[in-house]
1. If only one of 288, 317 is part of a helix (DSSP H, G or I), in contact with a strand residue (DSSP E or B) (Cβ under 8 Å, 6 or more places away or on another chain) and crowded, with 19+ Cβ neighbours inside 10 Å, which one is it?
2. Can you pull out every residue in the stretch 185-217 that is without any contact (Cβ under 8 Å) to a residue 60 or more places away in the chain and in a loop (DSSP other than H, G, I, E, B)?
3. Step by step: first the residues of the stretch 231-244, then only those that are buried (at least 18 other Cβ atoms within 10 Å of the Cβ) and over 21 Å from residue 317 (Cα atoms), then the one that is nearest to the chain's Cα centre (by Cα). Which residue is that?
4. Being modelled with pLDDT of 90 or more, more than 26 Å from residue 86 (Cα to Cα) and within 20 Å of the chain's Cα centre (by Cα): is that true of residue 338 here?
5. Residues to consider are 145, 73, 154; find the one that is modelled with pLDDT of 80 or more and either under 30 Å from residue 191 (Cα atoms) or touching a helix residue (DSSP H, G or I) at 6+ places or on another chain (Cβ under 7 Å) (or both).
6. Just to be sure before I move on: is residue 273 surrounded by fewer than 19 Cβ atoms within 10 Å (Cβ to Cβ) and touching a residue at least 60 places away in the same chain (Cβ under 8 Å) in the structure I sent?
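The values are calculated or read from the model by the stated rules, or taken from the named source; none is laboratory data. Everything numeric here is computed off the predicted structure, so don't read it as measured data. Here the Cβ positions follow ideal geometry from the backbone for every residue, glycine too, while neighbour counts run over all protein chains shown.
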């Protein structure tokens, strides 16, 4: 019932704008949009720094706009921004039984294709700007899913889009760009806004955080997520917390919580887009907030399917990640990250799991919106859970991304 409500709310939001005054979109009125497209997820904007405000005040009226214009203007302060992104990749995995003796266990080479397409409508007519987005994502097997379906204003959002709990999600790396998109249904709003900080509250679909396939008893209450973000100079701090409730088929209910802290420090002296970041996440009886069992998670771990919610959802764990990105020019970017985590599941079928994962890559962009990436990665898993064997995996990936 709850998931149906999220879907209905999303569709209602997407068609709401079309009920207003029709836009004059014949050939005589179509022009290039005078402002730039919003960010990928169209989230409630983060606060600007004081230095940004001062720079804007110093600009002359005749100066060129800071953002590149784009899209198609349909009049009345409204613009359409189509999106098309194609990612083609080839990843080779070498799984080792033990790195110490170097015995080969398995090897695989996977060719992958990802396509994302959609349309964003931005209304900057008098009043609060409204951003409406619908996009889909598909793979080489013909499977398609909703990437985003949402309506955002400067203080309110509804639909399917990136969770307010998450911060850094590995967008610079191949395993993320080739993974199927996953977004929870949500309703969120700003509860406080300062000069350089902002606080939001969101209610989100709890099924998005499920980590196994059996033992559940439907949905009862949505997750409550709180988020604080602040930017002071080159430093950006994100703090988030969430509550999570899991009704079981046995009649019991598991109540859990999770928290995240992320600190990013920009390094403009090394190039625009260069930064270092540290992030840690803790979860008790809400392991879905560590990204377990999602195709795009930083840990790359899925629990055995035979574990029921009774065992899996009572687990606890934490993760920590360090990230560095160096962008010496518009054509080159180098990135590296390492993450470690430990999970503990109760009961006779439970146990502990330790994970270490790292990757580094180089991206070359000979022209705008065309990226070539070469990436090497390593993952190490040590498990005391039945049917979840130890593993050491080396990987090499090559990807090409073209966006329009």
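1. Going through 288, 317 in turn, the sole match is 288.
2. Hit for the stretch 185-217 is 217, nothing else.
3. Within the stretch 231-244, the subset buried (at least 18 other Cβ atoms within 10 Å of the Cβ) is 231, 236, 238, 240, 242, 244.
Then drop every residue that is not over 21 Å from residue 317 (Cα atoms), which leaves 231, 236.
Working: 231: 20, 236: 17 Å.
Here the residue is 236.
4. Details: modelled with pLDDT of 90 or more: yes; more than 26 Å from residue 86 (Cα to Cα): yes; within 20 Å of the chain's Cα centre (by Cα): yes.
Spelling it out, residue 338 is indeed modelled with pLDDT of 90 or more, more than 26 Å from residue 86 (Cα to Cα) and within 20 Å of the chain's Cα centre (by Cα).
5. Numbers: 145 fails: either under 30 Å from residue 191 (Cα atoms) or touching a helix residue (DSSP H, G or I) at 6+ places or on another chain (Cβ under 7 Å) (or both); 73 fails: either under 30 Å from residue 191 (Cα atoms) or touching a helix residue (DSSP H, G or I) at 6+ places or on another chain (Cβ under 7 Å) (or both).
Answer to the selection: 154.
6. On the way: surrounded by fewer than 19 Cβ atoms within 10 Å (Cβ to Cβ): yes; touching a residue at least 60 places away in the same chain (Cβ under 8 Å): yes.
It is true that residue 273 is surrounded by fewer than 19 Cβ atoms within 10 Å (Cβ to Cβ) and touching a residue at least 60 places away in the same chain (Cβ under 8 Å).
Condition check ((1) within 30 Å of residue 184 (Cβ to Cβ); (2) crowded, with 20+ Cβ neighbours inside 10 Å; (3) touching a helix residue (DSSP H, G or I) at 6+ places or on another chain (Cβ under 7 Å); (4) modelled with pLDDT of 90 or more) across all residues:
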residue: 296; (1), (2), (3), (4): yes, no, yes, no
residue: 301; (1), (2), (3), (4): yes, yes, no, no
residue: 304; (1), (2), (3), (4): yes, no, no, no
residue: 309; (1), (2), (3), (4): yes, yes, no, yes
residue: 324; (1), (2), (3), (4): yes, no, no, yes
residue: 352; (1), (2), (3), (4): yes, no, no, yes
residue: 364; (1), (2), (3), (4): no, no, no, yes
residue: 375; (1), (2), (3), (4): yes, yes, yes, yes
residue: 396; (1), (2), (3), (4): no, no, no, no
